[in-house]
Protein chains: 2
Amino acid sequence: MPHAKQTLNIGHLLQACKECSLAELCLPRGLSEAEVEELGKVVSRQVTLQPGETLFRPGDRCNMIYAVRSGSMKSFRLTEDGGVQILGFHLPGELFGLDGLDTHLHHCEAVALETTRICELSIDELEKLCCTHVALHHEILRVIGREISAEHELLLLLGKKRAEERLAAFLISLCKRFCQRGGSGEKINLPMTRQDIGNYLGLAIETVSRLFARFQEQKLITVQRRQVWIHDTERLGEMAGLDG
Amino acid sequence: MPHAKQTLNIGHLLQACKECSLAELCLPRGLSEAEVEELGKVVSRQVTLQPGETLFRPGDRCNMIYAVRSGSMKSFRLTEDGGVQILGFHLPGELFGLDGLDTHLHHCEAVALETTRICELSIDELEKLCCTHVALHHEILRVIGREISAEHELLLLLGKKRAEERLAAFLISLCKRFCQRGGSGEKINLPMTRQDIGNYLGLAIETVSRLFARFQEQKLITVQRRQVWIHDTERLGEMAGLDG
DNA sequence: CCGATAGCTTGATCCATATCAATGACTTGT
DNA sequence: ACAAGTCATTGATATGGATCAAGCTATCGG
């Protein structure tokens, strides 16, 4: 897969943060109108990726953080023997690319799951802006904190939960996130393959498939390929051991 | 275990960052002398914990980040059913407590493994200082980046590695970190129990014990209770799948 | 010095999940 | 409409590490 990026930088950016419907989920949350306008200027460009295209890979210079405008991404780390561990899936309004803040080089790879639009934000510019806008500084720390929390959650899941609990937690998490983005909470359209789900949860693809079947038998969900209807959030939550 | 803290704030802090021998491992790395002096003022106090004492627990207000002055800590997350997942061990010069940056409440608990001195740094003060000292701002981002990288590493380990690889990676990582702190790299004194190691690595205590025995048979290490001599870093590294 | 306790080791058995193997269901291109 | 490829399901079998059980070894208080 080539390291392809397709830039859609038509003169001025057509849609900066000010007009973006995702503002409340993304960095602008809680900023004043003037601050959001400033933030919009930091969006250096927007990029569109086709399914399977790579945004960055290990060793790439890390000057930007990225926000999903539409579509979805996965980021994953590689072992030297060709193994993969998916670290997260990124939905519209979510930020990613914070790894590599230490060495200024990315350690992981980010790939589009579907046709995906990305906003690129210059880290340097953001940093400067933080000095004059305290609210933005706080927002950025909040985003970082959320990232760290999410990773702790996943560590708990991989280290301590059984297969059933893992998948339940995964479904609940996705469901919540799609709800925040205007989904009904009834139906989810999975942007990732079973392979991706299994990899992320530390399970074999067959195990994921069997669990989907079992959850369906138990009337918790209905599965049809990538479409999942959630019938019993309550019980799924209990299975997941809640706090996910 | 009571939520005990014993403050050693004798008038002025006896030893701020300027005189600290760990400076090069901790936040002051790469700062000018004047900046280090400023940073020292942000260390609001130093705390000494006895083995098993808690520094913070889930739900506690998160205003500080912490640096280990001497001794060692573990931080872990709890499941609602009483389960534990250790998220990390913290050695002298390392910073921790970055979880909770999002909600300003800690999600995890931090406990001393031995008698441990901690420097507390006010997040608000640090934030202010960042605006006037770019180098400090970069340092903080570096520390955050390192935290995120370390967590990705652990995710890879828990998700994809076999028991043997996990323990090898763990030993290599500890060895490196003790070396940076002036250790010989020959001998490690483990500050944590087998229970802790197993929990951290997602293994049963018995498995850890058996692996130690096997590594010893293979002449890779010598184990005597909490003392470990590393004989063959090379091969351990290979077993770990390197990049740990 | 002795008993109690916490931490560790070692052996025997079991089980959750991986792995192997085959088939089915969409999707895409010709 | 068919061939080929990718993705998903389902069944049979294997296994790495958990769990259960017993004993060992420092350490500490009295």
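Can you name the helices of chain A, as whole DSSP H runs, whose Cα span along the helix axis is 24 Å or more and whose Kyte-Doolittle mean is not below -1.0?
Details: long enough: A:134-160 (38 Å, 0.52); A:163-180 (26 Å, 0.43).
The answer, listed by residue number, is A:134-160, A:163-180.
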| Which lysines have a Cα lying under 16 Å from the Cα of A:K219, excluding residues fewer than 8 positions away in the same chain? | A:K187
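If you take all C-alpha pairs in the range B:6-156, what percent of them are over 21 Å apart?
Details: 4864 of 11325 pairs.
So the pairs more than 21 Å apart make up 43 percent of the total in the range B:6-156.
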| Across the residues of B:131-140, average count of Cβ atoms on other protein chains within 10 Å? | 2
| query | What shape does the protein assembly as shown have by the C-alpha gyration tensor, where a ≥ b ≥ c are the square roots of the eigenvalues, rounded means a/c under 1.5, and otherwise prolate means a/b greater than b/c and oblate the rest? | reply | oblate
| field | Complex-versus-alone comparison for the range B:76-118, residues with a loss of 30 Å² or more in accessible area, probe 1.4 Å | value | B:R77, B:T79, B:E80, B:Q85, B:L87, B:D99, B:L101, B:D102
| request: Order the peptides A:37-46, B:196-205 from the highest to the lowest mean number of other Cβ atoms within 10 Å of their residues. | output: B:196-205, A:37-46
| query | Quick one: label points 7 angstrom along Cα→Cβ at B:W229, distances to the other copies in nm, smallest first? | reply | 6.8
| request: Quick one: grab the alpha carbon gyration tensor of the range A:148-213, order the square roots of its eigenvalues as a ≥ b ≥ c, and give me rounded if a/c is under 1.5, else prolate or oblate depending on whether a/b is larger than b/c. | output: oblate
| request: Output the relative contact order of the range A:6-156, whole-number percent, from Cα pairs under 8 angstrom with separation of 6+ residues. | output: 30
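Could you rank the peptides B:186-192, A:224-230, A:87-93 by their average count of other C-beta atoms within 10 Å per residue, with the highest value first? Numbers along the way, then the final one.
Numbers: B:186-192: 16.6, A:224-230: 13.3, A:87-93: 22.1.
Highest to lowest by the protection proxy: A:87-93, B:186-192, A:224-230.
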| task | Go through A:K160/B:K160; A:K74/A:K128; B:K41/B:K128; B:K74/B:K161; A:K18/A:K41 and tell me which ones have a Cα-Cα distance over 20 Å in this structure. | result | A:K74/A:K128; B:K74/B:K161
| Averaged across the residues of A:154-166, what count of C-beta atoms belonging to other chains lies within 10 Å of each residue's C-beta? | 6
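The values are calculated or read from the model by the stated rules, or taken from the named source; none is laboratory data. Keep in mind that this is a model prediction, so the values were computed, not measured. Here Cβ is always computed from backbone atoms with ideal geometry, including for glycine, and neighbour counts include all displayed protein chains. In case anyone asks, the SASA skips ligands and DNA or RNA and just uses the protein heavy atoms, side chains included. Shrake-Rupley method; radii C 1.70, N 1.55, O 1.52, S 1.80 Å.
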